[in-house]
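Have a look at the structure below before the remarks.
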Amino acid sequence: MKQNTRVILALDITDRHRAMETVEKARDSIDAVKVNYPFALACGMDAVAELAGSVDVICDFKVADIPNTNRLIVEQVRKSGAAGVICQAFPGKDSLEACIRAAEGMDVFVVTEMSHPGADRFMIPVAEDMAKLAVEVGATGIIAPATRPEKIATLRKIVGNLKILSPGVGAQGGSASATVKAGADYVIVGRAIYDARDPGEAARKIAEEIRGALQ
């Protein structure tokens, strides 16, 4: 996955035409597109494949099942041409290893801590352990919250050179500049781009903010 702007567009849209149009408008200022279950269920995996033909796509399916089911899910993601998949660590090492094996070289990102307030009950207490598991199984990187940049800094010490993707910039209150300064490699932005009057301009401004923070 290229690292030019460090912006990943979270395409949380269920209208295929609008989704494709948004990607075209923002294309020059993003490095990749993240799609989730609502997009795939509404638009189909063929829409994922269409996107993957022109931009790196990460399937944010937060894969979290027994090893065999994880394998089946990740195989379908790989067949779509996606560049990466997001998986959960909490089902355990064997389930996560099944994702790694099925990926066959595709990027696998492991959720350590989600960006919403409710993560404080079950995820935050074990986020560091899940980051250690991501390192242990050889994942490409982790997902860490832009809404809590201090945790990004903590998790960076654990994962070393693994990539850190951080959701929560924009509508959830996270700052793109604070996120990259804390150690994230990419920021994931959804509503602040796709709900903007001009998605291309919104993406460009976020990319500029990141560029300024890294200088």
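Overview of results
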| quantity | calculated |
| --- | --- |
| Residues (buried (at least 18 other Cβ atoms within 10 Å of the Cβ) and either outside any helix (DSSP H, G or I) or basic (K, R) (or both)) located in region 32-50 | A32, V33, K34, V35, N36 |
| Residue in region 51-64 that is more than 17 Å from G141 (Cα to Cα), in a loop (DSSP other than H, G, I, E, B) and touching a Gly at 6+ places or on another chain (Cβ under 9 Å) present | yes |
| Any hit, region 147-161, residues being under 30 Å from L96 (Cβ atoms), in contact with a Pro (Cβ under 9 Å, 6 or more places away or on another chain) and either of a type in the set (V, I, T) or in a loop (DSSP other than H, G, I, E, B) (or both) | yes |
| Criterion (of a type in the set (D, E) and closer than 25 Å to A52 by Cα) met by exactly one of E128, E97, E113 | E97 |
| Residue within region 66-78 that is in contact with a helix residue (DSSP H, G or I) (Cβ under 8 Å, 6 or more places away or on another chain), part of a loop (DSSP other than H, G, I, E, B), aliphatic (A, V, I, L, M) and surrounded by fewer than 14 Cβ atoms within 10 Å (Cβ to Cβ) present | yes |
| Within region 126-146, considering residues that are in a loop (DSSP other than H, G, I, E, B) and more than 12 Å from the chain's Cα centre (by Cα), the one farthest from Y186 (Cα to Cα) | G138 |
| Some residue of region 110-125 being over 13 Å from N70 (Cα atoms), out of contact with any helix residue (DSSP H, G or I) (no Cβ under 9 Å at 6 or more places or on another chain), of a type outside the set (G, A, S) and in a strand (DSSP E or B) | no |
| Residues being in contact (Cβ under 8 Å) with a residue 12 or more places away in the chain, outside any helix (DSSP H, G or I) and buried (at least 16 other Cβ atoms within 10 Å of the Cβ) - total across region 169-215 | 13 |
| Residues being part of a loop (DSSP other than H, G, I, E, B) and at negative phi - total across region 87-109 | 4 |
| For S166: the one exception among (1) hydroxyl-bearing (S, T, Y); (2) assigned to a strand (DSSP E or B); (3) surrounded by fewer than 22 Cβ atoms within 10 Å (Cβ to Cβ) | (3) |
| Enumeration of residues in region 91-126 that are at pLDDT below 95 and either crowded, with 17+ Cβ neighbours inside 10 Å or hydrophobic (A, V, I, L, M, F, W, C) (or both) | E113, M114, S115, A119, F122, M123, I124, V126 |
| Pairs with Cβ under 9 Å, 6+ apart, first in region 131-142 and without any contact (Cβ under 8 Å) to a residue 40 or more places away in the chain and closer than 12 Å to L165 by Cβ, second among the β-branched types (V, I, T) and part of a strand (DSSP E or B) | I142/V110; I142/V111; I142/I164 |
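The values are calculated or read from the model by the stated rules, or taken from the named source; none is laboratory data. This one's a predicted model, so the numbers in the text were calculated from it and none came from an experiment. Please note: Cβ atoms are built from the backbone with ideal geometry, for glycine as well, and neighbour counts cover all protein chains shown.
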